[in-house]
Each structure stands twice: as C-alpha cells, then as structure tokens.
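Here it is, the structure in full.
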Amino acid sequence: MKKVMKRVITACLAFAMILALVTPASVEAATKNESLTLYKGETYTWYLTGVKSLSSASSTKKAVATVKANKSKKQYTISAKKAGTSVVTIKGKDYYGHTQSLKIKVTVAEPKFDLKLQKLDGNYILIRVKNNTKATFDRLAVRYSLKNSSGSEVAAKDEIVYRVMSGKTAYESIYVSSAADVDISQSSVKITAFDRNPEQKYKVLGKDKLSVTVTDEQVSDSSISFKLKKVNKTSQYVYGEIYIISYDANGTIIDVSTSSLYLDKKETKTTSETVSKSPYSHPNFDHYEIVYGGYYTTK
C-alpha cells in the first residue's frame with residue numbers, strides 16, 4: 001500500500017512540474033519582427049495583439065516614418081513621411097506583466113503616379129491616373145484646382161478615384177458647370193491620400209482570368225446599345241472597374257462612362273449598356289472602347 005501511495009505522490013509531483021512548465025505564467029518578454037512597405041503620404045493603422053495594454057511606440061527615423069499609439073484601443077498608426085527606412089517599435093504588457101514588443105522595418109517609397117486633366121464633351125473634365133508603382137490601391141483621394149486662362153480658380157474639390165491597379169490607368173470624369181472657362185494648362189490635380197491594406201496581397205488579373213466582352217450590339221443615329229458579358233475565371237472574389245471610352249476620329253477621348261466590377265467566384269454576369277453618339281452632345285463621336293481591370297486579394 002505504501003508503495004502504491006508513493007507512486008501516486010511521485011506521479012502527482014511530476015504532473016505538477018509539467019503544468020508549471022507549460023503554464024502561460026512562464027511566458028517571458030518576446031519580440032516579433034515584421035516588415036512593411038508604405039508610400040510617401042500613406043498611413044497604416046493596426047492593433048498590437050496578445051497584450052493587455054499598449055505602453056509605447058517609437059521610430060528610429062521620424063523624418064522617414066512616424067508612429068502614434070492609441071493606448072485605449074491598443075492601436076498604432078504609422079505615417080510615411082519620405083523615402084527611406086525606419087524601424088518602428090511598439091511595446092505592450094501581456095496579461096502576466098511581461099513586455100511584448102513588435103519591431104517593424106518600414107520602407108517608405110516615392111509614389112509614382114502620372115496625373116492628367118483633360119476636357120471632355122459638355123461640362124465634364126477627365127482625371128487620368130496612371131499607377132506606375134508595384135502596389136494596387138482600392139481608392140485614391142485626389143484634389144483638383146481648375147483655373148481659367150488668367151489663373152483665377154473657377155472650381156476646386158476633393159474626389160475619389162477607385163480601383164487604381166498597378167501598371168494601369170484609372171479614370172474619373174467630373175461635372176463642372178464652368179468647364180468651358182477652364183484652361184487645363186493653368187489647372188492642377190494631386191493625390192492627397194491612399195487607401196489599401198498593406199497586409200494583403202493584391203493580384204491584378206490578366207484577360208485569361210477575367211474577361212469583359214461586347215455582345216448584341218445595336219446601333220442607331222444617336223446611340224449604341226449592347227450587352228457586356230463579364231466572366232470571372234478564378235476561384236476568388238474579384239473587384240475592378242469598367243470604362244466605356246468614346247473617341248473622336250483623331251483618337252482623342254471625348255467621354256468616359258465608369259462602372260464598378262464585382263464578381264463572385266467563377267461568376268458570369270451580363271449587363272446592358274448604352275453609348276451616346278448624339279450629334280448634339282457628342283458631335284465628333286467616332287468609336288468607343290471597353291477598358292477594364294480587376295483584382296483579388298489574399299493574405
């Protein structure tokens with residue numbers, strides 16, 4: 001009996017020692033390392049996970065990237081200031097009082113976009129944004145200032161350009177009642193903010209994965225009606241933009257119609273569209289073109 005009791009006690013002690021080794025209380029201070037690429041003017045906000053409280057946030061090169069801590073939300077925001085590299089460190093206390101650190105190597109790159117303004121038919125101005133970076137953006141905030149030939153501002157406003165994909169051109173047409181007075185050479189447009197998730201990977205699709213084709217075209221004196229067949233050949237949700245661009249005989253854009261593209265996995269969708277070639281609103285209409293782009297995201 002004594003031998004049995006001795007074995008039971010020994011087993012209990014061994015079990016207790018194992019518990020002591022695996023209990024969370026034995027977790028000590030730890031540092032996690034990550035990397036992040038941002039573009040000048042971009043901000044990134046995220047949470048410090050696995051901690052009870054956020055205690056501090058710092059940057060080795062504040063001229064390149066700054067960081068602010070929202071302690072009540074255990075949240076931090078990194079702002080990209082100029083091209084270069086900085087190490088951002090965020091610290092917090094876990095539920096056992098140990099310091100947990102997150103070190104992020106932040107690389108800030110110069111944004112490479114070509115922005116142009118152009119007059120369209122009627123009272124419309126076209127904003128064209130060519131994305132020469134390796135990143136795809138869900139949205140770009142831009143601000144335009146339209147001036148007349150004497151340099152006086154006739155219109156200014158903030159606009160959103162959607163689905164600006166890497167290596168592609170995005171379009172946004174804006175209505176301006178005084179468009180006839182606008183001198184494009186005196187006017188300007190600039191990017192004021194970026195919107196994307198740097199944690200995700202954006203995959204821009206080729207025509208073998210995403211297709212948009214014209215069917216059932218019907219032509220009248222004042223318009224062209226047709227159907228757009230949109231096919232997602234991937235097993236991912238696809239987002240994008242479709243531009244119906246009208247040209248004159250010289251190949252100059254005179255009108256742009258924009259619509260968003262949302263397709264489920266392996267989905268095919270057909271919509272009805274119309275292009276105006278009215279001699280009153282578009283007297284120089286010659287032909288139209290369908291330009292589109294799409295992407296999906298993964299972690």
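The values are calculated or read from the model by the stated rules, or taken from the named source; none is laboratory data. All values derive from a computational prediction rather than experimental measurement. Neighbour counts run over all protein chains shown; Cβ positions are idealised from the backbone, glycine included.
What's the number of the condition A63 fails, among (1) outside any strand (DSSP E or B); (2) of a type in the set (A, V, I, L, M, F, W, C); (3) buried (at least 19 other Cβ atoms within 10 Å of the Cβ)?
For A63, the exception is condition (3).
Which is surrounded by 15 or more Cβ atoms within 10 Å (Cβ to Cβ) and under 27 Å from K227 (Cβ atoms), of V154, V212, V129? Please lay out each step first, then the result.
Values: V154 fails: under 27 Å from K227 (Cβ atoms); V129 fails: under 27 Å from K227 (Cβ atoms).
Selected residue: V212, the only one of V154, V212, V129 that is surrounded by 15 or more Cβ atoms within 10 Å (Cβ to Cβ) and under 27 Å from K227 (Cβ atoms).
Then there's this: Just wondering, is there one or more residues in segment 194-209 that are aromatic (F, W, Y) and over 30 Å from T234 (Cα atoms)?
The answer is no, given that none of the residues of segment 194-209 is aromatic (F, W, Y) and over 30 Å from T234 (Cα atoms).
Taking only segment 178-219 into account, find how many residues are within 30 Å of the chain's Cα centre (by Cα), part of a loop (DSSP other than H, G, I, E, B) and not acidic (D, E).
Counting residues in segment 178-219 that are within 30 Å of the chain's Cα centre (by Cα), part of a loop (DSSP other than H, G, I, E, B) and not acidic (D, E) gives 9.
Take the residues of segment 231-273 that are farther than 17 Å from S173 by Cα and of a type in the set (V, I, T): which is surrounded by the most Cβ atoms within 10 Å (Cβ to Cβ)?
Ranking the candidates gives V238 first.
Moving to a separate point now. Pick out the one residue from Y247, Y237 that is within 20 Å of the chain's Cα centre (by Cα) and touching a residue at least 24 places away in the same chain (Cβ under 8 Å).
Working: Y247 fails: within 20 Å of the chain's Cα centre (by Cα).
Selected residue: Y237, the only one of Y247, Y237 that is within 20 Å of the chain's Cα centre (by Cα) and touching a residue at least 24 places away in the same chain (Cβ under 8 Å).
Touching a strand residue (DSSP E or B) at 6+ places or on another chain (Cβ under 6 Å), in the same structural domain as T37 (by TED's automatic domain parsing), surrounded by fewer than 16 Cβ atoms within 10 Å (Cβ to Cβ) and farther than 15 Å from T37 by Cβ: is that true of K93 in this structure? Quick ask: steps written out before the conclusion?
Numbers: touching a strand residue (DSSP E or B) at 6+ places or on another chain (Cβ under 6 Å): yes; in the same structural domain as T37 (by TED's automatic domain parsing): yes; surrounded by fewer than 16 Cβ atoms within 10 Å (Cβ to Cβ): yes; farther than 15 Å from T37 by Cβ: yes.
Spelling it out, K93 is indeed touching a strand residue (DSSP E or B) at 6+ places or on another chain (Cβ under 6 Å), in the same structural domain as T37 (by TED's automatic domain parsing), surrounded by fewer than 16 Cβ atoms within 10 Å (Cβ to Cβ) and farther than 15 Å from T37 by Cβ.
Does K71 count as of a type in the set (D, E, K, R) and either touching a helix residue (DSSP H, G or I) at 6+ places or on another chain (Cβ under 8 Å) or surrounded by fewer than 19 Cβ atoms within 10 Å (Cβ to Cβ) (or both)?
Here the answer is yes, as K71 does meet what is asked.
Further question on the same structure: Could you check segment 87-127 and list, in sequence order, the residues that are part of a loop (DSSP other than H, G, I, E, B), closer than 30 Å to Q186 by Cβ and of a type outside the set (A, V, I, L, M, F, W, C)?
E110, P111, K112, D121, G122, N123
May I pose another question? Determine which member of the set A170, A193 is farther than 20 Å from L120 by Cβ, among the hydrophobic types (A, V, I, L, M, F, W, C) and surrounded by 13 or more Cβ atoms within 10 Å (Cβ to Cβ).
Values: A170 fails: farther than 20 Å from L120 by Cβ.
Checking each option against the conditions leaves just A193.
Under 8 Å between Cβ atoms, at least 6 apart or on separate chains: pull out the pairs that start in segment 45-58 with a residue that is in the same structural domain as G97 (by TED's automatic domain parsing) and touching a residue at least 24 places away in the same chain (Cβ under 8 Å) and end on any residue that is crowded, with 20+ Cβ neighbours inside 10 Å and small (G, A, S).
L48/G92; V51/G92; K52/G92; S53/G92; L54/G92; S55/G92
Another question about this same structure. Residues that are closer than 19 Å to D255 by Cα, in contact (Cβ under 8 Å) with a residue 24 or more places away in the chain, small (G, A, S) and not in a loop (DSSP other than H, G, I, E, B): does segment 128-145 have at least one?
So far as segment 128-145 goes, no, none of its residues is closer than 19 Å to D255 by Cα, in contact (Cβ under 8 Å) with a residue 24 or more places away in the chain, small (G, A, S) and not in a loop (DSSP other than H, G, I, E, B).
Against the conditions (1) over 16 Å from R139 (Cα atoms); (2) touching a residue at least 12 places away in the same chain (Cβ under 8 Å); (3) not small (G, A, S), where does Q218 fall short? Just the number, please.
Among (1) over 16 Å from R139 (Cα atoms); (2) touching a residue at least 12 places away in the same chain (Cβ under 8 Å); (3) not small (G, A, S), Q218 violates only (2).
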